[in-house]
Every structure is written in C-alpha cells, then in structure tokens.
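Novice: Please find one structure pasted underneath; my questions will follow.
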Amino acid sequence: NYLLRDYQHILNLHLIQEDQINMGMEYSLIKNELNKYVGTCNMDKCDGFKRYKHKMEQKRKRRDSKGKEEASSPRRNSEDEESFFLDFLDLIHCCLMHLEHVYPRNVNQDDKDKDKGQDTMNDNDISLYQE
C-alpha cells in the first residue's frame, strides 16, 4: 500500500506537470537521490526496462489488431497476479530510473522545446492499465 501511495505521490506532485522545465528538474533530483542508494541503471542491460518496453509493444499490437475493449482482459489466476506485480514493479522502475528513455520529450528537451510547453506528460502516459 505504501509503495502505491509513494508512486502516486511522485507522479502527481513531481512528474505530471504542465511546466516541463520544473518537471525535468524534479525528475533529475529524484533520480539523483535514488542513484545515491541503488546506483545508476544501464538501460541496455536492464531486464526491467526490456520487459516494460516489450509489454508496451504488446499492448500497442493488441490495441491495433483488436478493439480497445477486447485488448483489455481481467486477471484470472495466480500466474497473472504474479505477472501484474512484476509489470507494476517494472513500471515504477522505468518511471524512476529510465523516464528519459521512455518519454524523452518530457525530460531531456532542450530549452527551446521546454519553453514551448509541447508534449506534456499526463497520467495516461505512465499507466499500467492503459491499453
């Protein structure tokens, strides 16, 4: 329960902002603080990042090949439950450690793009449930 609340707090108060400059600065502060305790994570070697990207690609393919209603199916057994938790932990990891690779337009824009306020992130961008 604490993990979910902390994740929601970080998203809602620090990472989902109209002000792209402030969002990028807050993300950098959060990531630097985490790096002090867990070290940096190389996305090329990161299993969580690979799983997350694969999962998002699967969702896009399902959504493109089927209707939006059909693409989402309820969890049915303990294997699905384990998969859900792994997916959720990968999502949190990627949001906190690899956001600049998942949504580069939001974190590493140059100053000209940031001033334009384009491509703001919203809560649908970092959702495990989004299809």
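The values are calculated or read from the model by the stated rules, or taken from the named source; none is laboratory data. If you're wondering where the values come from, they're calculated on a predicted model, not measured in any experiment. Note: ideal-geometry Cβ built from the backbone for every residue, glycine included; neighbour counts use all protein chains shown. The accessibility values were calculated without ligands, DNA or RNA, using every heavy atom of the protein model including side chains. Shrake-Rupley method; radii C 1.70, N 1.55, O 1.52, S 1.80 Å.
Novice: By how many nm would the segment from residue 45 to residue 65 grow when fully extended, if each residue of separation counts as 0.36 nm and the alpha-carbon distance is taken off?
Specialist: 4.2 nm
Novice: Then there is this: From the phi angles alone, apply the Karplus equation (6.51, -1.76, 1.60; θ = phi - 60°) to region 48-58 and give each ³J(HN,Hα) in whole Hz, x where the residue is Gly or Pro.
Specialist: Rounded to whole hertz, the list is x, 5, 4, 5, 4, 4, 4, 4, 5, 5, 4.
Novice: With a 10 Å radius around each residue's Cβ, average the other Cβ atoms per peptide and rank 34-43, 17-26, highest first.
Specialist: 17-26, 34-43
Novice: Now for a separate question. Using 0.36 nm per residue of separation minus the Cα-Cα distance, give me the extension gain between residue 84 and residue 18 in nm, one decimal.
Specialist: Using 0.36 nm per residue and subtracting the Cα-Cα distance, I get 20.8 nm.
Novice: Per residue, how large is the accessible surface of region 1-60? Use a 1.4 angstrom probe and give square angstrom.
Specialist: Details: 4160 Å² over 60 residues.
Value returned for region 1-60: 69 Å² of accessible area per residue.
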